[in-house]
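Here's the structure we're looking at; comments come further down.
The values are calculated or read from the model by the stated rules, or taken from the named source; none is laboratory data. Keep in mind that what you see is a predicted model, and the values were worked out from it rather than measured. Don't worry about glycine lacking a Cβ; one is built from the backbone with ideal geometry, like all the others, and counts go over all protein chains shown. Calculation scope for accessible area: heavy atoms of the full protein, side chains included, ligands and nucleic acids excluded. Shrake-Rupley method; radii C 1.70, N 1.55, O 1.52, S 1.80 Å.
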Amino acid sequence: MKGKKKKFNISTLWQYYAMLVPGVVLTFIFSYIPLYGVIIAFEKYNVGMGFNSPWVGLENFRYLFSQPTFTRTIWNTLFISVWKLALGIIVPVTIAVLLNEMRSDKLKRFYQTLIYIPNFLSWIIMAGVLMDILSSTGAINTILAKLGMGTVNFLGDAKVFPWTMIVSDVWKGFGYGTIVYLAALLGIDPSLYESAMLDGATRWQQIKNITIPLLMPTIILMTVLSLGSVLNAGFDQVYNLYSPAVWETGDIIDTYVYRLGIQQAQYSVGAAVGLFKSLVSAIMVVTSYRLADKLAGYRIL
Amino acid sequence: MASLTLKNIKKIYPFSSDEQKKAKKKKDDEPEKKQVNLQITDEGVVAVQEFSLDIADKEFIVLVGPSGCGKSTTLRMIAGLEDISGGELYIGDKLVNDVAPKDRDIAMVFQNYALYPHMTVYENLAFALKLRRIPKDEIDIKVREAATVLDIMQYLDRKPKALSGGQRQRVAIGRYIVREPQVMLMDEPLSNLDAKLRNQMRAEIIKLRNTIDTTFIYVTHDQTEAMTLGDRIVIMKDGFIQQIGTPQVVFNHPYNIFVATFIGTPQMNLFENAELLKNNGRYSVKLGDYTVELSEDKQAALSAKNVAAQPVTLGVRPEHISLSAGGIDAKVDVTEMMGSSVHLHVDAFGQDVILIVSTLNMTQKELDSLNHGTDVRFDFPGNVCHLFSKETGINLEA
Ligand SMILES: Nc1ncnc2c1ncn2[C@@H]1O[C@H](COP(=O)(O)OP(=O)(O)OP(=O)(O)O)[C@@H](O)[C@H]1O
Ligand SMILES: [Mg+2]
């Protein structure tokens with residue numbers, strides 16, 4: 001970086017900078033000052049001594065990575081969140097394309113609203129609902145039993161639990177993605193379809209040759225932007241639905257940190273995990289932003 | 001390459017929502033002057049009706065008319081993009097009312113070109129052929145052939161975004177050349193181009209027409225395009241055909257006042273206070289104190305219909321009026337210097353009359369004298385008078 005291209009000109013731009021001040025100050029007070037607290041990740045924290053606790057360097061991290069529980073939570077997190085990410089794109093895109101093919105505007109709007117509603121419910125409520133319908137005597141198992149397929153312990157079986165998380169999360173959230181993709185579809189010039197029709201394209205060929213390619217930039221953008229949160233597998237959801245029986249496959253970084261830090265009062269280790277996660281996320285955000293720029297021409301500035 | 005027959009074609013756009021219906025009710029209650037006098041019925045908006053036209057193989061038909069008169073609707077019905085509400089549409093001798101667009105073998109150039117933005121020019125040209133599962137090398141030959149004709153060879157690898165308006169236009173046309181469709185439809189293909197490019201592309205379309213020998217239906221609201229391109233012109237208004245004829249016919253024998261004023265620039269002058277006289281079987285027209293005997297062909301036409309003497313609306317084109325020693329008194333209002341001619345706006349009988357005066361035989365002094373307030377006189381011969389019925393607005397000769 002050699003020299004600034006634009007001269008900073010406070011005399012003409014000061015109004016803009018003035019508008020920026022409150023935001024910067026608040027961010028500084030509430031986000032940057034507390035950052036000082038991360039030093040406890042490098043200390044053997046002791047409530048009595050506070051931030052002046054003895055310095056241990058990277059000891060906490062060493063301890064963490066030697067814990068098989070912790071490495072296990074990383075894999076669990078990745079497994080759940082990558083699947084959520086993948087299905088979180090495939091499902092909304094498919095539904096959006098299907099909805100877009102619908103002739104009746106009224107029905108289209110109805111479905112749109114219907115699938116968006118779960119998005120507004122918190123996981124606390126959703127967890128209650130899920131526990132009920134997924135229980136051994138719940139709606140789903142009753143149906144499965146009637147169909148002669150036996151019952152499934154959705155929340156208690158370690159093999160099934162991650163999938164319960166993935167599917168229920170996609171189910172709760174796909175309405176939002178669908179709306180984003182529907183909006184992108186609205187932006188496609190209808191005369192392209194008419195043109196394709198006259199060129200001899202069937203419905204399916206229109207979807208394949210026009211809809212999907214023109215949706216691609218949005219798909220890439222959404223994918224890349226969500227890469228930044230790949231270490232967030234959904235604390236609210238998992239915490240409200242898991243149990244020690246499924247820790248083996250269902251314990252994710254966030255729930256682990258929570259138990260460690262808050263419940264077992266191992267503040268230092270908890271802070272270390274949090275710091276590790278933030279670091280990975282920061283790297284992911286930066287990389288994904290670069291990728292978004294490269295693949296989809298997306299830029300914030 | 002096929003003939004086309006439209007029989008009493010009709011298009012009704014059904015109301016899409018209750019609101020429109022309510023709006024219609026309101027309109028029924030308090031009739032007010034609407035800009036577009038489309039018929040609004042209980043079923044919906046009638047965009048096109050009583051549209052009957054026989055189009056010969058390889059003919060170039062131009063649909064022309066003011067905005068909202070149903071040109072695009074007609075074109076889209078032919079293409080199959082809109083359902084036909086009534087009447088019959090034949091391509092060749094096959095009834096195609098219910099044939100899907102992709103099976104009609106029709107190509108259409110859209111106003112915004114509708115190029116596939118994610119495909120290169122080459123892919124755009126090849127798309128229709130690819131869907132037809134034509135072998136790759138054959139596609140390649142056809143694409144390159146069309147690209148050569150349209151002079152877009154060097155752009156084959158570009159995306160449409162990287163092309164100028166004129167180049168996009170060529171690609172849009174090229175997409176259909178490769179297909180060799182039976183009928184080629186164009187919906188205002190030149191309206192997005194600037195004046196110069198438009199003239200150039202117009203010439204190219206004329207050239208193209210000679211190379212690709214197919215039936216053309218061309219929509220425009222530009223009457224110059226209509227006059228220069230069409231074998232026959234269909235003039236529409238409010239969903240009805242006003243006149244069908246060669247450029248010559250619609251210019252010289254406009255069927256009604258609408259056609260008379262729509263075709264020709266500047267617009268034809270209309271005099272409401274004229275009178276058709278009949279003396280000893282000879283017709284003449286009287287405007288103020290000026291009387292002129294009609295030409296023989298007009299005499300014949302009027303006699304054949306045994307038209308009675310009556311007050312008429314007289315139409316005379318600006319290029320047919322000349323300054324004269326005698327004739328009608330007028331005062332110069334505005335002069336528009338056009339180079340080889342002057343458009344003279346004069347005031348006569350309290351109305352604006354335009355006449356075109358050639359500057360060829362005028363001295364600068366004479367020109368300079370034609371400024372605001374100058375008294376002039378003008379007249380016109382008997383062969384350029386268009387007489388329209390006061391009641392119906394229809395040409396009395398028709
Ligand atoms: N989808 C539609 N629903 C209802 N009315 C429509 C629809 N499309 C067109 N119309 C109406 O039908 C009439 C004819 O429209 P059309 O598009 O054929 O006009 P046009 O002659 O092509 O005009 P322009 O020169 O502006 O393109 C218009 O008054 C328009 O309001
Ligand atoms: Mg139109």
Quiz item: Using modelled backbone amide H atoms (1.01 Å from N, in-plane), which distant-in-sequence or interchain residues come within less than 5 Å of B:L185's amide H?
Solution: B:A107, B:M108, B:V109, B:I217
Quiz item: Based solely on its DSSP helices, what 222 nm [θ] is calculated for the protein assembly as shown when runs of n ≥ 4 H residues each add -39,500 (n - 2.57) and the sum is averaged over all residues, nearest 500 deg cm²/dmol?
Solution: -13500 deg cm²/dmol
Quiz prompt | Hz values of 3J(HN,Hα) by residue in region A:253-265 - Karplus curve (6.51, -1.76, 1.60), Gly and Pro given as x | solution = 3, 4, 5, 5, 4, 4, 5, 5, x, 7, 7, 9, 6
Practice problem: Roll a 1.4 Å probe over the protein heavy atoms and report the accessible area of A:W247 in Å², nearest 10. | Solution: 80 Å²
Exercise. Using only atoms on other chains, find how many Cβ atoms lie within 10 Å of each Cβ of peptide B:104-117 and report the average.
Key: 4
Exercise. Could you look at region A:58-296 and say what percent of its accessible area is carbon and sulfur, using a 1.4 Å probe and all protein chains?
Key: 69 percent
Exercise. For region A:132-255, divide the Cα radius of gyration by the Kirkwood radius and give the resulting Rg/Rh value with two decimals.
Key: 1.15
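Take B:F216, B:F258, A:F51 and sort them by solvent-accessible surface of the protein heavy atoms, 1.4 Å probe, largest at the top. Before the final figure, lay out the partial values.
Values: B:F216 0, B:F258 40, A:F51 95 Å².
Final ranking, largest accessible area leading: A:F51, B:F258, B:F216.
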Quiz item: Of A:Y17, A:Y45, which has the most accessible area and how do the rest follow, probe 1.4 Å?
Solution: A:Y17, A:Y45
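Got a sec? What order do B:D329, B:D42, A:D254 fall in by accessible area at 1.4 Å, biggest, i.e. largest, first? Display every interim value, and only then the final one.
Numbers: B:D329 100, B:D42 125, A:D254 30 Å².
Descending accessible area places them as B:D42, B:D329, A:D254.
If you put +1 on each Lys and Arg Cβ and -1 on each Asp and Glu Cβ, how big is the dipole of region A:181-301 around its Cα centre, in Debye rounded to 20? Walk me through the numbers on the way to the answer.
Working: 7 positive and 8 negative charges, 50 e Å.
Here the size comes out at about 240 debye.
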Exercise. Quick one: grab Rg to one decimal and Dmax as a whole number for region A:1-121, Cα atoms only, in Å.
Key: 25.5, 69
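Counting partner chain Cβ atoms within 10 Å of every residue's Cβ in B:127-139, what's the average?
Details: counts 8, 6, 2, 5, 7, 2, 0, 0, 0, 0, 0, 0, 0.
Whole-number average of other-chain Cβ neighbours for B:127-139 is 2.
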Self-check item: J(HN,Hα) series, region A:38-52, from Karplus relation 6.51 cos²θ - 1.76 cosθ + 1.60, nearest Hz, glycine and proline x
Solution: 5, 5, 5, 5, 10, 10, 9, 5, 9, 4, x, 8, x, 5, 8
Quiz prompt | Net charge contributed by nearby residues that have their C-beta within less than 12 Å of B:A309 (K/R +1, D/E -1) | solution = +2
Exercise. Treat each spin label as a single point 7 Å out from the Cα along the C-beta direction, and report the B:K207 to B:Q267 distance in nm.
Key: 3.6 nm
Quiz item: In square angstrom, rounded to the nearest 10, how much accessible surface does B:D151 have for a 1.4 Å probe?
Solution: 100 Å²
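Please report the net charge: other residues with Cβ closer than 12 Å to the Cβ of A:P68, K and R +1, D and E -1. Could you put the intermediate results ahead of the total?
Values: positive: A:R72; negative: A:E248, A:D251.
With Lys, Arg at +1 and Asp, Glu at -1, the neighbours total -1.
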Exercise. Work out the length of the dipole vector of the protein assembly as shown about its Cα centre, built from +1 on the beta-carbon of each Lys and Arg and -1 on the beta-carbon of each Asp and Glu, and round it to the nearest 20 debye.
Key: 2820 debye
Quiz item: Distances over 39 Å make up what percent of all Cα-Cα pairs in the protein assembly as shown?
Solution: 59 percent
Self-check item: Binned Cα-Cα distance frequencies in region B:258-389 - 10 Å width, integer %
Solution: 12, 42, 31, 13, 2
Quiz item: Could you give me the ³J(HN,Hα) list for region B:40-54, computed from phi with Karplus coefficients 6.51, -1.76, 1.60 and θ = phi - 60°, whole Hz, x at Gly and Pro?
Solution: 10, 10, 5, 7, x, 8, 8, 8, 9, 8, 6, 8, 10, 7, 9
Quiz item: Which value, in Å³ per residue, describes the convex hull spanned by the Cα atoms of region B:38-171?
Solution: 158 Å³
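Please report, in debye to the nearest 20, how large the charge dipole of region B:258-389 is about its Cα centre when each Lys and Arg carries +1 at its beta carbon and each Asp and Glu carries -1 there.
Numbers: 9 positive and 16 negative charges, 95 e Å.
In total the dipole reaches around 460 debye.
Are any of the pairs B:K71/B:K331; B:K136/B:K159; A:K108/B:K11; A:K106/B:K7; A:K108/B:K7 more than 29 Å apart by Cα-Cα distance, and if so, which? Write out the running numbers ahead of the final one.
Details: B:K71/B:K331 40 Å; B:K136/B:K159 20 Å; A:K108/B:K11 26 Å; A:K106/B:K7 35 Å; A:K108/B:K7 37 Å.
Distance filter (> 29 Å) returns B:K71/B:K331; A:K106/B:K7; A:K108/B:K7.
What's the Kirkwood radius of chain A in Å, using all Cα pairs? All intermediate terms of the calculation are to be shown ahead of the outcome.
Numbers: mean 1/r = 0.0432 Å⁻¹.
Taking the inverse mean of 1/r over all distinct Cα pairs, chain A comes out at 23.1 Å.
I'd like to know how region A:126-200 sits against the 2.2 N^0.38 Å rule of thumb: what's its Cα Rg over that expected value? Display every interim value, and only then the final one.
Values: Rg = 20.1 Å, N = 75, 2.2 N^0.38 = 11.3 Å.
Region A:126-200 yields a ratio of 1.77.
How long are the semi-axes of the equivalent ellipsoid of region B:4-252, taking √(5λ) for every eigenvalue λ of the Cα gyration tensor, in whole Å from largest down? Write down the numbers at each step before the final one.
Working: eigenvalues 223, 81, 71 Å².
In descending order the semi-axes read 33, 20, 19 Å.
For region A:62-184, what ratio Rg/Rh do Cα atoms give with a Kirkwood hydrodynamic radius? Working shown, then result.
Numbers: Rg = 17.7 Å, Rh = 16.6 Å.
For region A:62-184, the value is 1.07.
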Practice problem: Give the cross-link partners of B:K305 among the aspartates and glutamates, using a straight C-alpha distance below 19 Å as the criterion and excluding same-chain residues fewer than 8 apart. | Solution: B:E275, B:E293, B:E296, B:D297, B:E391, B:E397
Quiz item: Got a sec? Charge dipole of the protein assembly as shown, +1 on Cβ for Lys and Arg, -1 for Asp and Glu; which of B:Y90, B:I263, B:S303 is way out at the positive end?
Solution: B:Y90
Quiz prompt | Dipole of chain B, positive end: most advanced residue of B:P381, B:N280, B:A203 [Cβ charges, Cα centre] | solution = B:A203
